[in-house]
1. What percent do you get for the relative contact order of segment A:74-207 when only Cα pairs under 8 Å and 6+ apart count?
2. Tell me, what HN-Hα J-couplings in whole Hz come from the Karplus equation 6.51 cos²θ - 1.76 cosθ + 1.60 at θ = phi - 60° for each residue of segment B:87-100, using x for Gly and Pro?
3. Out of the trypsin sites (Lys or Arg not before Pro) in segment A:102-207, which ones are loop residues according to DSSP with at most 12 other C-beta atoms within 10 Å?
4. Roll a 1.4 Å probe over the protein heavy atoms and report the accessible area of A:Leu118 in Å², nearest 10.
5. Roughly how many Å² is the accessible area per residue of chain B, as a whole number, for a 1.4 Å probe?
6. Can you work out the Karplus-derived ³J(HN,Hα) for every residue in segment A:31-37? Use 6.51 cos²θ - 1.76 cosθ + 1.60 with θ = phi - 60°, whole Hz, and x for glycine or proline.
7. Over chain A, give the accessible area per residue in Å² for a 1.4 Å probe, as an integer.
8. Projected onto the charge dipole of chain A (+1 at Lys/Arg Cβ, -1 at Asp/Glu Cβ, origin at the Cα centre), which of A:Leu196, A:Thr149, A:Pro107 gives the Cα projection farthest towards the positive end?
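The values are calculated or read from the model by the stated rules, or taken from the named source; none is laboratory data. The structure displayed is predicted, hence computed values, not measured ones. Positions of Cβ are generated from backbone atoms using ideal geometry, with glycine treated the same way; all protein chains shown enter the neighbour counts. Side chains are part of the model used for accessible areas, which takes the heavy atoms of the whole protein and leaves out ligands, DNA and RNA. Shrake-Rupley method; radii C 1.70, N 1.55, O 1.52, S 1.80 Å.
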Amino acid sequence: MQRFVKVLFFALIVKPVVFVILGLNIRHREKLPTKGPAVIAANHNSHLDTLVIMSLYSLSHIHRIRPVAASDYFMKSRFIAWFATSCIGIIPFDRSGSAGQRELFNPLHDALDKGDILILFPEGSRGKPEELGRLKKGLYYLLKERIDTPVAPIHLEGLGNALPRGEALLVPFTCSITIGDPIITLDSSRQLNSELEVFFRTHQDEE
Amino acid sequence: MFDIARNSLYAMAGIVTLLLIATLIYLYKSGVGGQKELTELKLRIESWWWMIAIVFVALGFSQVSAIVLFAFLSYLALKEFVSIVPIRHVDRRAIFWAYLAIPFQYYWVYIGWYGMFIIFIPVFLFLLIPVRLMLIGETEGFIRSSGILHWAAMLTVFGISHIAYLLVLPVHNELGGAIGPVLFLLFMTELNDVSQYVFGKMFGRHKILPKVSPNKTWEGFLGGFLTVTLISGLVAPLLTPLDLYYGFVGGDDHLTWWIFW
């Protein structure tokens, strides 16, 4: 049932919005991970980021793609919580820092063990429009125990103009999305983050 | 629905025939070899089939579907434009107003209110955009943003909506029908593009505007100009109210389009 709602939501609403109203330039689609377990690490500027990344997948795969999203934001009201878990299929994640690491990461490991693909935003928040915030370390700690899970870096551009933080009005812009070569987990969070940051910054400068 | 005047139907059939011939030549050539040039040709022919299919179905189906098609083209063009120009982040709400102008402008087309159609963007939107920008309250770069936005709306909405207005003009040439002038305009524009490409490839030597468009040549320009003048003179009386003499000139209006392509 949940899967049906999600497929319908993407077929009727998300995909038309992403491909007709917005329009995407996709670079290196072939690098997009098609089989889980895998993690997508993207820069974050807009609620649309998640939807755009998920739209790249076919409807038959879409239930395998699980965005990891802040529970303090997405679980706070009943309607939003229903929407986030049923239509999008998020895995709620506690940002407050009160939960222990094991408890925090268990649902993520479960999903990866099932062969799902996770979407993570290492900046941890949407931040200022079209600007890259500081990268957090969670991604490294998640992957430390599963060295063979690849990380696919994705750079998104323009969505922070189309629907920035704090705005409810969508203004259409053509956006671009670049998928990078997979990163094999490195031996410190600093190394992983600098690799990601180099990727994000190079594509930011190209525009 | 699909009630197409005789000459327009012939014109559509003619275009499809030309494209069929091109496809057959491509298929023959791809058997012989020489891959690099051919991929470009293949892409061109493929996109031609798509464009023709969409345009013909929308034009032939009904007046509303044809107007909606051009409104959608305006939308795509405006979106592309505002995504490329350097514009302030705070301008997004004013950009939204420029998008809102599209349904209004094409509604004027639909009801045939020429007076409103012709001043809505040049006068009203021209004044409304700065008002919206003023309400945003960011003064630095204000004039630049209003200039860019109005220019974008003139080019992509006002300009393209004129093609749609051809559909609601009184029909003076029964055989061409309401869509005859639109077919004529699109066909001449594309003929110009194709014949410039062909003449340029065959005889091109002297560059015409190397900084703007490196592959365009004087030989291509003149070849396209002469081809379009000749053919538009012959085709105009069939599809449009223009007679032979106006027709010779009429087709060349579309030379301005060439600069954009």
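1. Details: 127 pairs, mean separation 25.9, N = 134.
Worked out over segment A:74-207, it gives 19 percent.
2. Whole-Hz 3J(HN,Hα) from phi for segment B:87-100: 10, 5, 4, 5, 6, 4, 6, 5, 4, 4, 5, 4, 5, 4.
3. On the way: sites: A:Arg102, A:Lys114, A:Arg126, A:Arg134, A:Lys136, A:Lys137, A:Lys144, A:Arg146, A:Arg165, A:Arg190, A:Arg201; in loops: A:Lys114, A:Arg126, A:Arg134, A:Lys136, A:Lys137, A:Lys144, A:Arg146, A:Arg165.
In loop regions of segment A:102-207 (DSSP not H, G, I, E or B), the sparsely surrounded trypsin sites (Lys or Arg not before Pro) are A:Lys114, A:Arg134.
4. 0
5. On the way: 14790 Å² over 261 residues.
So chain B comes to 57 Å² accessible per residue, rounded to a whole number.
6. Working through the residues one at a time gives 8, 5, x, 9, 10, x, x Hz.
7. Details: 9930 Å² over 207 residues.
Averaged over the residues of chain A, the accessible area is 48 Å².
8. Result: A:Pro107.
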